[in-house]
Amino acid sequence: MKSSYQRLLHGNQAWASEKLANDPNYFKYLSLGQNPEYLWIGCSDSRVPANEITGTKSGEIFVHRNIANVVVHTDMNLLSVLYYAVEVLHVKHVIVCGHYGCSGIIAAMTNKDNGFVNNWLRNIKEVYEKHSEELDAISDITKRENRLVELNVVEQVHNLGKTLIIQQAWKKRDLQVHGWVYGFDDGLIRDLKVMVDETSDLKPIFRYKL
Ligand code: CO
């Protein structure tokens, strides 16, 4: 009996053959290196694949994904990806992309015990608490969830701005940080127009003297 994982290997073979048929040098070209203009920080959700929903190809987007696209300043994984993308790959844009209907966001809004994930969702609960006045005033639960999805993206964009990595880059060059939200209802990405540079609303306490 064929296991379901074998479907992936067969899919890969078909994909590789198709690429080679279209361009015999496709993999040779990829092997030369990468020069992506974008760093994508998105949700791990299987329905939000960075390249697919943006119509981009291999080599175009450097990607970091975690549950509910959170930027945690002690997360060595995220910081390493961010540092490499900004300092070595010299990406021009860093994008935080959340999505409506995010299970991480919805779970964080409840008092349900999610085991080990509680520790991660705690970051979202802090976002809720910070904006509780606005959120508690929204009676429709889906609308409240959607608003928290947006506010979470806004806070994560600000969290990026609070890092030394981003602030140092701003001193040296034009690096834009974007906050986006993707929706399953129409497949479209909304630009929340949060913060694009150092002149935007980063509170003074978080600004390093550089
Ligand atoms: Co999600």
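All of the numbers you see were taken from the coordinates with simple rules; none came from a lab. In this text, all values refer to a predicted model and were calculated from it rather than measured experimentally. Don't worry about glycine lacking a Cβ; one is built from the backbone with ideal geometry, like all the others, and counts go over all protein chains shown.
Applying 0.36 nm per residue to the separation of Ser132 and Lys112 and subtracting their alpha-carbon distance, the gain on full extension is 5.4 nm. Using C-alpha pairs under 8 Å with a sequence gap of at least 6, the mean separation divided by the residue count of the chain gives a relative contact order of 19 percent. For the chain, the percent of C-alpha pairs falling in each 10 Å distance bin, counted from 0 to the bin holding the largest distance, reads 8, 30, 32, 21, 8, 2, 0.
Taking other residues whose beta carbon is less than 12 angstrom from the beta carbon of Leu210, and scoring Lys, Arg as +1 and Asp, Glu as -1, yields +3. The length gained on full extension between Lys143 and Ile53, counted as 0.36 nm times the residue separation minus their Cα-Cα distance, comes to 30.1 nm.
For Ile67, nonlocal amide neighbours, meaning residues 5 or more places apart or on other chains whose placed amide H falls under 5 Å from its own, are Ser44.
Positive contributions from Lys and Arg (+1) and negative ones from Asp and Glu (-1), summed over other residues with Cβ under 14 Å from the Cβ of Tyr100, come out at -1. Across segment 61-68, computed HN-Hα scalar couplings (Karplus, 6.51 cos²θ - 1.76 cosθ + 1.60, θ = phi - 60°) run 10, 8, 10, 10, 10, 8, 5, 6 Hz from first to last residue, x flagging Gly and Pro.
Per DSSP helix of 4 or more residues, -39500 (n - 2.57); summed, then divided by the residues of the chain. What does that give at 222 nm, rounded to the nearest 500? Don't skip to the end; give the middle numbers.
Working: 9 runs with 90 residues, N = 210.
Mean residue ellipticity at 222 nm (helix-derived): -12500 deg cm²/dmol.
For segment 118-129, the Karplus equation 6.51 cos²θ - 1.76 cosθ + 1.60, evaluated at θ = phi - 60°, returns couplings of 3, 5, 7, 5, 3, 4, 6, 4, 5, 5, 4, 4 Hz by residue, with Gly and Pro reported as x. For segment 162-185, backbone nitrogen atoms closer than 11 Å to the point 7 Å from Tyr208 Cα along Cα-to-C-beta are found at 162-171. Rounded to the nearest 20, the Cβ-based charge dipole of the chain about its Cα centre (Lys and Arg +1, Asp and Glu -1) stands at 560 debye. Positive-end ranking of Ser31, Ile53, Gln13 along the dipole of segment 1-131, with charges on Cβ about the Cα centre, is headed by Gln13.
Put simply, the amide H of Leu192, placed in the peptide plane, has neighbours under 5 Å in Gly179, Trp180, Val181, leaving out anything fewer than 5 places away on its chain. Along the axis of the charge dipole computed for the chain (Cβ charges of +1 for Lys and Arg, -1 for Asp and Glu, origin at the Cα centre), the listed residues Ser4, Leu192, Ala107 are led at the positive end by Ser4. Counting charges near Leu151 (Lys, Arg +1; Asp, Glu -1) among other residues having Cβ under 13 Å from its Cβ returns a value of -3.
Were the residues from Thr199 through Glu60 laid out at 0.36 nm apart, the gain over their Cα-Cα distance would be 47.3 nm. Here is the link list: Lys171/Lys203; Lys112/Lys143; Lys125/Lys162; Lys112/Lys162; Lys57/Lys162. Which ones come out longer than 28 Å on Cα distance? Over 28 Å Cα-Cα: Lys112/Lys162; Lys57/Lys162.
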